1. Testing residue 116 on (1) open to solvent by 30 Å² or more (accessible area, probe 1.4 Å); (2) in a loop (DSSP other than H, G, I, E, B); (3) at pLDDT 85 or above, one condition comes back false. Which one is that?
2. What number of residues within segment 55-75 are part of a loop (DSSP other than H, G, I, E, B), out of contact with any helix residue (DSSP H, G or I) (no Cβ under 8 Å at 6 or more places or on another chain) and either modelled with pLDDT of 90 or more or of a type in the set (Gly, Ala, Ser) (or both)?
3. Assuming residue 54 fulfils every condition listed in (1) open to solvent by 30 Å² or more (accessible area, probe 1.4 Å); (2) closer than 29 Å to residue 204 by Cα apart from one, which condition is it?
4. Go through (1) open to solvent by 30 Å² or more (accessible area, probe 1.4 Å); (2) among the aliphatic types (A, V, I, L, M); (3) within 14 Å of residue 197 (Cβ to Cβ) for residue 146 and report which single condition fails.
5. Taking residue 1 and the conditions (1) at pLDDT below 85; (2) part of a strand (DSSP E or B), which numbered condition does it fall short on, given that it satisfies the others?
6. Just wondering, is there one or more residues in segment 86-109 that are closer than 24 Å to residue 205 by Cα, β-branched (Val, Ile, Thr) and at pLDDT 90 or above?
7. Just to be sure before I move on: is residue 24 assigned to a helix (DSSP H, G or I) and loosely packed, with under 15 Cβ neighbours inside 10 Å in the structure I sent?
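The values are calculated or read from the model by the stated rules, or taken from the named source; none is laboratory data. No experiment lies behind these values; they were computed from the predicted model shown. Cβ: placed from backbone, ideal geometry, glycine included. Neighbour counts: every protein chain shown. To get the accessible areas, we keep the full protein, side chains included, count just its heavy atoms, and leave off ligands, DNA and RNA. Shrake-Rupley method; radii C 1.70, N 1.55, O 1.52, S 1.80 Å.
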Amino acid sequence: MTARTIYIVDDNPEFLESTQFWLTGAGFEVKTWGDPVEAIEALARRDRGEAACLMLDVRMPQLSGLDVHDALIERNAQLPVIYMSGHADVPLAVQAMQKGAVTLLEKPFDDEMLEAALQSAFSATGASAASATSARSVEPQTPEDAEAAARYRQREASLTPREREVLSYVIQGIYNKNIADKIGLSIKTVELYRARGMAKMQVRSVAELTRIMVTHQV
């Protein structure tokens, strides 16, 4: 079986160590960097024929994950990217998904979501690493994509107009208090609409909500 390599770029050394330990135990080849500049240089020289993906922290002090992604594209060294966020930075999350990321994972990881993300990433390498990191097509590309889109549309259709309005502000990173001021409701009422909307969308975090709403271009 061909070795599958996971590259990880994150400025948190403890996170790198623990994640590398877990993924290595799961049978992956793992290479990590705490310095995004070093990562860009190394990834630009990697074997383009290998089965690989990149787990990339969205926000780092030296360069953002978006900057690293852009640098790799400029060097024609792109590969499927799984973005990671420890702070549910919604505006950056939206940009990450618009760049064609495989997905966005919120730290700490849910094991099932991580496994699903890696499966999607390595499926993308089987087709073309370049196409996997290009802008997403509007039309579903696989039966699985079509099923996911149908499920999304069903959930989205169950939202009331007010729930939809509140969630649209949530994924922009606007706080409940500011949403309440914008639409003339109490904070408690906004919290209620937000909770109901997220329950109907079957998401547990703002990052997950952002991922599916941006993916399906709401």
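1. (2)
2. 0
3. (1)
4. (3)
5. The single condition residue 1 does not satisfy is (2).
6. Scanning segment 86-109, I find no residue that is closer than 24 Å to residue 205 by Cα, β-branched (Val, Ile, Thr) and at pLDDT 90 or above, so the answer is no.
7. yes
Results for (1) within 20 Å of residue 117 (Cβ to Cβ); (2) among the small types (Gly, Ala, Ser); (3) buried (at least 17 other Cβ atoms within 10 Å of the Cβ), shown as yes or no for each residue.
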position	(1), (2), (3)
169	no, no, yes
177	no, no, no
188	no, no, no
199	no, yes, no
206	yes, no, yes
